Structures are given as C-alpha cells and as structure tokens.
Amino acid sequence: MLSDLVAALDIGGTKIAGALVDGRGGMLLRTRRATPAREGAETVMGAVEAVLAELAASPLWPRVGAVGIGSAGPVDASAGTVSPVNVPAWRNFPLVERVRRATGGLPVVLVGDGVAMTAAEHWQGAARGHDNALCMVVSTGVGGGLVLGGRLHTGPTGNAGHIGHISVDMDGDPCACGARGCVERIASGPHIAARALENGWRPGPDGDTTAVAVAAAARAGDPIATASFERAARALAAGIAATATLVEIDIAVIGGGVAGAGDVLFAPLRRSLRDYATLSFVRRLTVTPALTGADAGLLGAAAAAAPYRRGTAAEVTFTG
Ligand SMILES: [Zn+2]
C-alpha cells in the first residue's frame, strides 16, 4: 500500500485539529474538536482520539504512513510526552504512545508548536528556499524554531529555538518561566496591551483592550500605543539579532496574531534590527511575515513526520 499521506495533529489549549496531508501540503480531510483544557487527562485524550477516529474513518486512511503531532509546549520529544501550559491535567502525558496505540502502531513524530510552525514555513511559507532561518509565533506567547543547514533543528526534546524565553532585559520584569526580561514578557500580545494600559492608553467605545486594539490605535497615531509596539519590536529585534549572531540565520519569519499588526510591528522591528544585528555576517538579515497562517501547525506536523512514513525509502523526503 502506498504510504503517501500523513495524519497531522495540531494540539493547543483551545482546539485539537487534525488533517490528512499529502506530499504537496494539500489538506485532503480536516476535522477539529474544542480542547477540554480544564478536564482530566483522559477526557483531553478522548478528544484527540475522536479527531483520530474521524480521520481513520476516511477511505484515504490506508494511505497514511505516519502521524505528526505539533503540540503546545513544553514537549519532550525524546520521551514522547507533553506538558502544555494551558492543559493542566497533562503533565508528562505520554501522548506519543497513546497516539501510536490509537492508530494501530503507525510511526508517530512529536514536535513543539514553534518547531511545527517553522517546519511549515520552511516547507510552504516564507522560509522556503532558506537553509538558515528563525521562525517565530508572536501571539499570547512567543515561540519559535530553527532551520539550520537546510534541516529543521528540533533539539533533543523538540524545543530548540524557543526564543520567547531568552532574556533581552537582564533586570527586567519577572517572566512566568522564572527568568526576567524575556522576549515574551515584553513582546507577547497581552504584555503589549498591558504596557499600553499602564502608560495611560484607553480603549475605544467597544472596550477592546487586546493588542489588536492597541495596534489599531497605533495605526491611528496614538503615541502610547505606538510606544508599546516599538518596545515589543525592540525586544524581538534583540532576540532575533542574538540568534542570528549565534547561528547565522539569514531570515526571520514572524507569524501569530501580533504579526497581524503589520507595519505597526514590522517597521520598528526592521529599524531596531539595525541597532542590534551589527556584525558583517548578520547585517543582511531580513524579517518577513509568515505565510502559512492558521494551517501552520498541521502543515508543520505533517512536514516533521513525513520522512518517518512506514515503508518510505530513506532518501525520499517530504520537506525538501
Ligand atoms: Zn520567560
């Protein structure tokens, strides 16, 4: 039987999405369930199994050669376990083993959501054709992943490239992770919004106090809203420049809701990058918006798992 498809799972704090994905990134079948994030471990797993059962009911299922999972982190790919911050009942939950059992022993590949987004952007998005790239999601949190030497660099546990929790302000505010002044502590959507509010910005008549509203205010010329995005942009620029200087990336791709602010974020980010990426080998670094959007998790999970398809010749790769 031809094993040309991958079953992809994208597991987050609000939804569990599944798809059957072909070798060109086509989504042949999709399904999703709300994540019962406040329920017990088995109830959450039940939602994953329901998504898998829907995929397995398809006449296409016999062509599936592997399962790829992109999960909210932290994940431990070496142990096959996940401990998503927003799913408290799952701590060191043996997701890989459970999915393998639910799918009759198919190969299962687990990556963190930042690494999944990176795989998606390298395969189908803005990092396509780049051998050395940093891809980031800037949203409620800040995550990321690396492509080095043309290959996805996952690290031993699947968390490499987690730029959200490198410190860009040594004496800065305490971060939820225990450190101080992390990129996420400054540049995530909630922190952009909180800083604008602290500094006196007030929402419009709709009462929207999210980063989306702050971005709209910045676009309309509000100086406090603009300053909050500029500070986020500086934090991102410092983190990107540090990464580029360490491992020589030539492109940084940014997705997630905060990237939707467009030039309100990208203009000061490109400006700040010139202040921090100063050495000759990083000066040509470019920053660009992500292209894979809401499908990034599924596409990336598929890309990560494709080389492991049962019956696949080792030289056949999905991601090249
Ligand atoms: Zn942190």
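Just so it is clear, none of the values below were taken in a lab; they were calculated from the coordinates. Here the structure is a predicted model, which means the values were calculated and not measured. Methodologically, a virtual Cβ is constructed for each residue, glycine included, from the backbone with ideal geometry; neighbour enumeration extends over all protein chains shown.
By other beta-carbon atoms within 10 Å, ranking ASP295, ASP22, ASP173 with the fewest at the front produces ASP173, ASP22, ASP295. Computed from Cα positions, the angle between helix 113-124 and the longest principal axis of the chain comes to roughly 80 degrees. Close amide-amide hydrogen proximity is noted between GLY68 and ALA7, ALA8, LEU9, VAL109, each under 5 Å apart and 5 or more residues distant or on a separate chain (H modeled in the peptide plane; Pro and chain starts excluded).
DSSP finds beta bridges in the range 1-108, and of those with both partners inside it, around 65 percent are antiparallel.
Applying the Kirkwood pairwise sum to the alpha-carbon positions of the range 129-290 produces a hydrodynamic radius of 15.8 angstrom. Set the Cα radius of gyration of the chain against 2.2 N^0.38 Å, with N its number of residues, and you get 1.00.
Comparing ASN92, ASN159, ASN199 in a Gaussian network model of the chain (Cα springs below 10 Å), the most mobile by mean-square fluctuation is ASN199.
For the chain, the Cβ-based charge dipole about the Cα centre amounts to some 260 debye (Lys, Arg positive; Asp, Glu negative; other atoms uncharged).
Secondary structure note: in the chain, about 55% of the DSSP beta bridges are antiparallel.
With the Cα gyration tensor of the range 216-320 giving a ≥ b ≥ c as the square roots of its eigenvalues, does the rule (a/c under 1.5 for rounded; else a/b larger than b/c for prolate; else oblate) give rounded, prolate or oblate? Cα axes put the range 216-320 in the oblate bin. Reducing the range 22-49 and the range 113-141 to their Cα centroids gives an inter-centroid distance of 21 Å. Normalised by the number of residues in the range 129-290, the average gap of Cα pairs under 8 Å and 6 or more apart makes the relative contact order 24 percent. Applied to the range 94-100, the Karplus parametrisation 6.51 cos²θ - 1.76 cosθ + 1.60 on θ = phi - 60° returns per-residue 3J(HN,Hα) values of x, 5, 4, 4, 5, 6, 4 Hz, with x for Gly and Pro. The residue among ALA187, TRP201, ALA176 whose Cα reaches farthest toward the positive pole of the charge dipole of the range 129-290, with charges on the beta-carbon of Lys, Arg, Asp and Glu, is ALA187. Annotation: peptides 148-156, 263-271, 248-256, ranked by per-residue average of other Cβ atoms within 10 Å with the highest first, follow the order 248-256, 263-271, 148-156.
The magnitude of the dipole of the range 129-290, with charges of +1 and -1 set on the Cβ of Lys/Arg and Asp/Glu and taken from the Cα centre, is near 260 debye. The protection proxy used here, the mean number of other Cβ atoms lying within 10 Å of each residue, ranks peptides 180-190, 94-104, 109-119 as follows, highest first: 109-119, 180-190, 94-104.
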